[in-house]
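Written out below as structure tokens is the structure these notes cover.
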Amino acid sequence: MIAHIINTDIGRRGIGRVYLEYRMMNYDFLKEAAETFVKNVENVVIVTGFPVYPSLKPENDGPLGAVALYGAVERLGGRASVLTFDDLKEAMSPLVGNFIGREEADRLVADGEATLLISVESPGRARDGRYHSMKGCRLDIEGFDDLFIRARESGVPTIGIGDGGNEIGMGNVRGLVEKYVPRGEKIASTVEVDHLVTSGVSNWGAYGLVAEASVLSGKNLLPEWREEEVVRILNYFGIVDGVKGKVDMSVDGIPLDVHEGVKTLLRRVTEHLLKR
């Protein structure tokens with residue numbers, strides 16, 4: 001149920017078809033990701049931030065999900081840090097309290113101190129070694145996907161959340177992205193993770209992961225904020241809607257009441273499952 005909700009392909013990007021085949025291949029993908037999440041909250045690194053072409057300003061899909069995950073880790077008694085781009089770090093500062101830089105994240109992975117890495121809407125390199133927008137435009141940025149590659153080599157658990165195919169973790173279903181997503185052969189990420197969570201909007205994927213973790217842990221971990229309040233904070237710092245490419249009261253081109261409705265539905269479903 002939760003996986004179906006978060007994979008509603010309202011943007012009609014092709015992720016719905018990717019999800020359906022992926023679910024047939026791995027029916028319990030969300031539950032397995034949530035189990036890994038709940039068991040490894042001691043020192044979690046959450047990565048987010050997807051620069052939008054051509055301005056390269058980060059979009060507001062991803063940060064909200066990262067904040068939800070950050071809060072869930074704390075409610076489970078763990079510790080979370082956020083790794084992101086500088087301008088998004090400034091925008092997220094009123095929402096989370098612990099940030100780390102690239103060098104510190106590298107050290108945590110290398111020293112085995114990180115217990116889990118989670119990416120929420122962060123670019124993953126394509127076959128040409130470059131990062132691309134959904135429209136196939138090259139993004140001249142330094143991404144964070146190398147951290148996940150090294151983490152897997154070091155045995156640190158990894159989770160990736162994406163909605164378009166060009167994000168960290170979508171390498172797990174690269175063939176499906178190439179098959180169903182426009183320009184998939186060019187933009188598909190090659191970067192794999194231990195657990196991939198697909199979603200219609202990456203924020204929804206993070207909310208869904210938190211909802212599934214709530215069911216496993218026996219406590220409702222979903223945030224109670226209104227989407228409008230959090231988006232207004234990001235807007236103040238110039239964070240843009242990733243589809244529109246400008247500051248607006250929407251996420252991925254979708255009105256905020258739709259996002260609020262999805263999160264409310266997830267809360268109600270979670271509450272129901274916790275009573276069973």
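Do any helices (runs of 4 or more DSSP H) entirely within segment 162-276 hold 3 or more residues that are within 16 Å of I118 (Cβ to Cβ) and touching a residue at least 24 places away in the same chain (Cβ under 8 Å), and if so, which? Give the steps one after another, and end with the answer.
Numbers: elements: 174-180, 184-187, 202-217, 227-236, 256-275.
Per the criteria, 202-217.
Determine whether A105 is in a helix (DSSP H, G or I), in contact (Cβ under 8 Å) with a residue 24 or more places away in the chain, farther than 12 Å from F50 by Cβ and in contact with a Leu (Cβ under 7 Å, 6 or more places away or on another chain). Walk me through how you get there before you give the answer.
Numbers: in a helix (DSSP H, G or I): yes; in contact (Cβ under 8 Å) with a residue 24 or more places away in the chain: yes; farther than 12 Å from F50 by Cβ: yes; in contact with a Leu (Cβ under 7 Å, 6 or more places away or on another chain): yes.
The answer is yes for A105.
Residues in segment 110-137 that are over 17 Å from G169 (Cα atoms) and buried (at least 21 other Cβ atoms within 10 Å of the Cβ): how many?
Residues meeting the conditions: 1.
Could you look through segment 68-96, keep only residues that are more than 16 Å from L222 (Cα to Cα) and of a type in the set (S, T, Y), and pick out the one that is surrounded by the fewest Cβ atoms within 10 Å (Cβ to Cβ)?
Across segment 68-96, the extreme among qualifying residues is S93.
Taking segment 37-48 as the region of interest, how many residues are in contact with a strand residue (DSSP E or B) (Cβ under 9 Å, 6 or more places away or on another chain) and surrounded by fewer than 24 Cβ atoms within 10 Å (Cβ to Cβ)? Full working, then the answer.
Applying the first criterion (in contact with a strand residue (DSSP E or B) (Cβ under 9 Å, 6 or more places away or on another chain)) to segment 37-48 yields 37, 39-48.
Filter once more, so that each one left must be surrounded by fewer than 24 Cβ atoms within 10 Å (Cβ to Cβ): 39-43.
Matching residues across segment 37-48 total 5.
Return the only residue of P63, P51, P58 being buried (at least 20 other Cβ atoms within 10 Å of the Cβ), in contact (Cβ under 8 Å) with a residue 40 or more places away in the chain and in contact with a Lys or Arg (Cβ under 8 Å, 6 or more places away or on another chain). Quick ask: steps written out before the conclusion?
Details: P63 fails: in contact with a Lys or Arg (Cβ under 8 Å, 6 or more places away or on another chain); P58 fails: in contact with a Lys or Arg (Cβ under 8 Å, 6 or more places away or on another chain).
That would be P51, the only listed residue that is buried (at least 20 other Cβ atoms within 10 Å of the Cβ), in contact (Cβ under 8 Å) with a residue 40 or more places away in the chain and in contact with a Lys or Arg (Cβ under 8 Å, 6 or more places away or on another chain).
Tell me yes or no: at least one residue of segment 34-44 is assigned to a helix (DSSP H, G or I), in contact (Cβ under 8 Å) with a residue 40 or more places away in the chain and closer than 15 Å to G200 by Cβ. It would help to see each step written out before you state the result.
Narrowing segment 34-44 to residues assigned to a helix (DSSP H, G or I): 34-39.
Okay, now just the ones that are also in contact (Cβ under 8 Å) with a residue 40 or more places away in the chain, so 34-38.
Those left that are additionally closer than 15 Å to G200 by Cβ: none.
Looking through segment 34-44, none of the residues is assigned to a helix (DSSP H, G or I), in contact (Cβ under 8 Å) with a residue 40 or more places away in the chain and closer than 15 Å to G200 by Cβ.
Using the structure shown, decide if Y27 is part of a loop (DSSP other than H, G, I, E, B) and over 25 Å from S133 (Cα atoms).
So Y27 passes the test.
Each value in this text was obtained by applying a stated rule to the coordinates, not by laboratory testing. In this text the structure is predicted, and so the values were computed from the model without any measurement. So basically every Cβ, Gly included, is an ideal-geometry build from the backbone, and we count neighbours across all protein chains shown.
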